[in-house]
Amino acid sequence: MNKIALITGATSGIGRACARRFASEGHDLIITGRRKERLDKLSSELKEKYNINILPLNFDVRMREKVSEAIASLPDKWKEIDILINNAGLAAGLNPVQKGVIDDWEQMIDTNIKGLLYMTRAIAPLMIQQGHGHIINIGSIAGKEVYPNGNVYCATKHAVDALTKGIRIDLVHHGIRVSQIAPGAVETEFSEVRFKGDTEKAGQVYKGYEPLHAEDIAEVTYYVTTLPAHVTINDLVIMPTAQASATVMHKE
Ligand code: NDP
Ligand code: 8X3
């Protein structure tokens, strides 16, 4: 087997770009997401192009039993996970708290915080057993700053920021690296999901400047894994050049 990377949320955006980047470097992949047909399509594409081993796992990271079953039932050789990329996540809605949609809050908290925890809880013991591993959490500039109407999404990404630090402390005695990549605006399906399929509104988010591309995030995520074993990037904030902070953009 080659090095194994498990990527959550590989059906779209940053996760899919990471899958392509790591596959191009000869990593074997476990890719996850809820949309099975997209996982199957990506598996065929990457197998054919890079001749790697690839295991698609179709589950919702919010379902704790499904997460633990999926990892527990991996064949032994697939349990030797070198890299876990906790990427699956979303923003749902953009409302002031007094108009917040409580189901949206639950979905963000359950996916962005609890899903990441379920995955980490299932995989960290395997990494401890093998004596090495690298966990990379996809945070956000929203985990460093708070912006108007971002309330709950920002809180979930602040939680990812805190959990990355906490997990690093817990796993330092086991030789496991723990990193966070925190991007600004990346043009993916993120805004379409946030605005519930309103493509017009989503498109506006990326107008007038060049946003980051999912491939940019895949590139730095891969880079973080290429450093010598004694080197860890704890936290990497990456922004479009036209974005100075969560709210300050230079638009033409
Ligand atoms: P996309 O919407 O393009 O991709 C999101 C991915 O997450 C999909 O593959 C989706 O798969 C998966 N996902 C969402 N919910 C679940 C769930 N309950 N169970 C399993 N998988 C799930 O957005 P991005 O690629 O932009 O987002 C990826 C990560 O990057 C997120 O954590 C996001 O918060 C973060 N981020 C994004 C930024 C941006 O501007 N785009 C900036 C900073 C951070 P499926 O629907 O098939 O389950
Ligand atoms: C996604 C980027 O600025 O919409 O995390 O929060 S932002």
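Between K251 and N234, what is the label-point separation in nm under the 7 Å Cα-to-beta-carbon projection?
The answer from the label model is 3.5 nm.
Against the longest alpha carbon principal axis of the chain, how many degrees, from 0 to 90 and to the nearest 10, is the axis of helix 214-226 turned?
Tilt of helix 214-226: around 40 degrees.
Specify the inter-centroid distance of the stretch 151-201 and the stretch 16-41, based on alpha-carbon positions, in whole Å.
19 Å
Sorted by mean Cβ packing within 10 Å, highest first, what order do the peptides 135-142, 158-165, 178-185 take?
Averaged packing, sorted descending, gives the order 135-142, 178-185, 158-165.
At a Förster distance of 25 Å, what's the computed FRET efficiency of A244 paired with R35, Cβ-Cβ distance as r, to 0.05?
0.10
Which entries in the list K79/K207; K3/K66; K3/K41; K47/K207 go over 31 Å, if you measure between the two C-alpha atoms of each?
Table pairs above 31 Å Cα-Cα are K79/K207; K47/K207.
Hey, got the dipole for the stretch 13-90? About the Cα centre, +1 on K and R Cβ, -1 on D and E Cβ, debye to the nearest 20?
So the magnitude is around 360 debye.
So how much slack lies between K47 and E189, counting 0.36 nm per residue of separation and subtracting their Cα-Cα distance, in nm?
Taking 0.36 nm per residue and subtracting the Cα distance, the gain is 48.7 nm.
How far, in degrees from 0 to 90, does helix 151-171 lean away from the longest principal axis of the Cα atoms of the chain, to the nearest 10?
30 degrees
Based on the Cβ-Cβ distance from A72 to E215, what FRET efficiency comes out when R0 is 35 Å, to the nearest 0.05?
0.60
Quick check for you: which residues of the stretch 225-252 have the amide N under 15 Å from the point 7 Å beyond the Cα of K207 toward its beta carbon?
So the set is 251-252.
Hey, what number do you get for the chain at 222 nm if only DSSP H runs of n ≥ 4 count, each worth -39500 (n - 2.57), divided across all residues, to the nearest 500?
-12500 deg cm²/dmol
Round to a whole angstrom and tell me the spacing of the C-alpha centers of the stretch 217-252 and the stretch 51-87.
26 Å
Once you order the gyration tensor axes a ≥ b ≥ c over the Cα atoms, which shape class does the stretch 1-86 get: rounded for a/c under 1.5, otherwise prolate or oblate by comparing a/b with b/c?
In terms of gyration-tensor shape, oblate.
Specify the residue with the greatest mean-square fluctuation among G89, G175, G203, computed from a Gaussian network of the chain linking alpha-carbon atoms under 10 Å apart.
G203
Taken together, the values in this text are just the output of simple stated rules run on the coordinates, not laboratory data. A quick note: this is a predicted structure, and the numbers were derived from the prediction, not measured. Note: ideal-geometry Cβ built from the backbone for every residue, glycine included; neighbour counts use all protein chains shown.
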